[in-house]
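The values are calculated or read from the model by the stated rules, or taken from the named source; none is laboratory data. Note that the coordinates shown come from a computational prediction; the quantities given were computed from them, not determined experimentally. With ideal geometry, Cβ positions are generated from the backbone for all residues, glycine too; neighbour counts draw on all protein chains shown. Side chains included, ligands, DNA and RNA excluded: accessible areas come from the protein's heavy atoms. Shrake-Rupley method; radii C 1.70, N 1.55, O 1.52, S 1.80 Å.
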Amino acid sequence: LFLIILSYLIIKKITSIPKTIKKSYKKNKNNKANSAIIKSFAAKYMGEIELAENFSKQAKFLNNTPLKLLLDSEINNYYGNDSKYLEHLNNMLEHPETLLVSVKKLTTTHIKNREIKDALRIISMSPKSKNTPKWFFYTALQLNILEKNWEEVNISIKNINKYTNTNTTSLKLIKSRIFLYKAMEEHNTENSDIEFKDINTSLKFDPSFAPAIVLKAELLYKKDEKLGLDYIKNSWKKHSHPEIANFLISIFDNKPKQKLLSIVKNLTKLSNDSFNNNYTLAKVALLLEAWPIARKALNIIPEKDWTKTIYLMMADLEKKEHGDNNKYNFWYEKAQNAILDFSWGCTSCSYIPDQWNLICPKCSSLDSIQWQQFASPSKYIENISPIIKHSKIANSLKAEAAARGIIEELKTGMDR
């Protein structure tokens, strides 16, 4: 029995030698390949892409493994080999370890190429988990909004609420903006019943948002002018904003302007916001050539709060009321170093649109259009007289606006 057992063990040992050799060989190749991948990543980190590529070729034993696919995708992306780069990214979707990175890169590529349906298909592969970064949930929301998939938009909001740490206040603001955007889309198709419902929902989540107030005022004014004006007055009392004033001015384009001045004078008594009240009154008074009223309104605003446009308005006033070129130039010089005016602008790419939008028309960022101090050239620069328009003062104003725009972009890039 002893001899039989001994013989069995010897035979087993002999027969396992090829398998042991093969296993050892495979382990040795695997170790060498892993070492080559580490060296390749180190070379890439140094910026030595050619060296990184050489080390990557030495690791071909690990082709189609997650780490090797990630490495090769980065190398091909650097060399601009788009087809290979996309091929590696698509292969990375099959591995849990590289799923998120491949979803993000492919989605970003499709968005850049305006391939929204393809981007939606890829982003839907991202796991619904609290370990998934919020970028994936917000991007899914953004893409569904672009495609007007409103049921999927609701699901995306629920996912944001469930899987991210977004607080209740932020979530309410997101909902407010989405319902406003939906109402604006319906307004373009003249679907008045639904747009009223959505604009009211938007205002329920955020009653202070000026574009929502303006859209509702416009809808009410179409039905009943008095109803629309009453709504503007009530809104101004709680949430005065230049956008509301601009709408009010626009509806008096073909009507007696003196009535507009009377309404604005009464309107500005309702709110405690001194800046918006007097800025609006001065703007309308200048439009109607009511110089004393404009001057009084501008002088009420402390000069430390004067923006570039207020200085330009004062220059216009001196020129038009008294024909005083010296004071005209004095205020233009002051405008050079004045604080910027508030306007709608994208906090992601610094694009300055004419009006608010949920999606930035330039970079497609979600809810990045904010009311802030952006370096937008004032319309007053475009309307100045030829003497000033070609002077050093006007040129320096434009140069400063451009420079501040560049600074804002650099600052945004660093913040991101």
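Set side by side, the residues Ala210, Ala183 differ, and just one is under 30 Å from Ile300 (Cβ atoms), open to solvent by less than 40 Å² (accessible area, probe 1.4 Å), within 24 Å of the chain's Cα centre (by Cα) and not polar (S, T, N, Q), which is Ala210.
If the condition is being over 21 Å from Ile251 (Cα atoms) and modelled with pLDDT under 90, then region 190-229 contributes Asn191, Asp193, Ile194.
Output the residue which, of all residues in region 150-180 that are touching a residue at least 12 places away in the same chain (Cβ under 8 Å) and polar (S, T, N, Q), is surrounded by the fewest Cβ atoms within 10 Å (Cβ to Cβ). Residue satisfying both the conditions and the ranking: Asn165. On inspection, Ile293 fails the criterion of being closer than 18 Å to Met313 by Cβ, of a type in the set (Val, Ile, Thr) and open to solvent by 60 Å² or more (accessible area, probe 1.4 Å). Looking only at region 100-124, filter to residues that are among the small types (Gly, Ala, Ser) and surrounded by 20 or more Cβ atoms within 10 Å (Cβ to Cβ); which one of those is farthest from Glu147 (Cα to Cα)? Ranking the qualifying residues of region 100-124, first place goes to Ser102. A single member of Lys327, Lys304 is open to solvent by 50 Å² or more (accessible area, probe 1.4 Å), closer than 20 Å to Asp273 by Cα and either part of a helix (DSSP H, G or I) or at pLDDT below 90 (or both), and it is Lys304. If you go through region 1-22 and keep only what is part of a helix (DSSP H, G or I) and either within 14 Å of Phe61 (Cα to Cα) or among the polar types (S, T, N, Q) (or both), you end up with Ser7, Thr15, Thr20.
If you go through region 338-364 and keep only what is of a type in the set (S, T, N, Q), in contact with a helix residue (DSSP H, G or I) (Cβ under 8 Å, 6 or more places away or on another chain) and at negative phi, you end up with Thr347, Ser348, Gln355, Asn357.
Report whether or not Leu248 is closer than 18 Å to Pro211 by Cβ and not hydroxyl-bearing (Ser, Thr, Tyr). Yes.
Give me a count of the residues in region 39-80 that are exposed (fewer than 14 other Cβ atoms within 10 Å of the Cβ) and hydrophobic (A, V, I, L, M, F, W, C). Residues meeting the conditions: 2. Considering the conditions (1) small (Gly, Ala, Ser); (2) within 35 Å of the chain's Cα centre (by Cα); (3) surrounded by fewer than 19 Cβ atoms within 10 Å (Cβ to Cβ), Ala282 is excluded by exactly one of them, (3).
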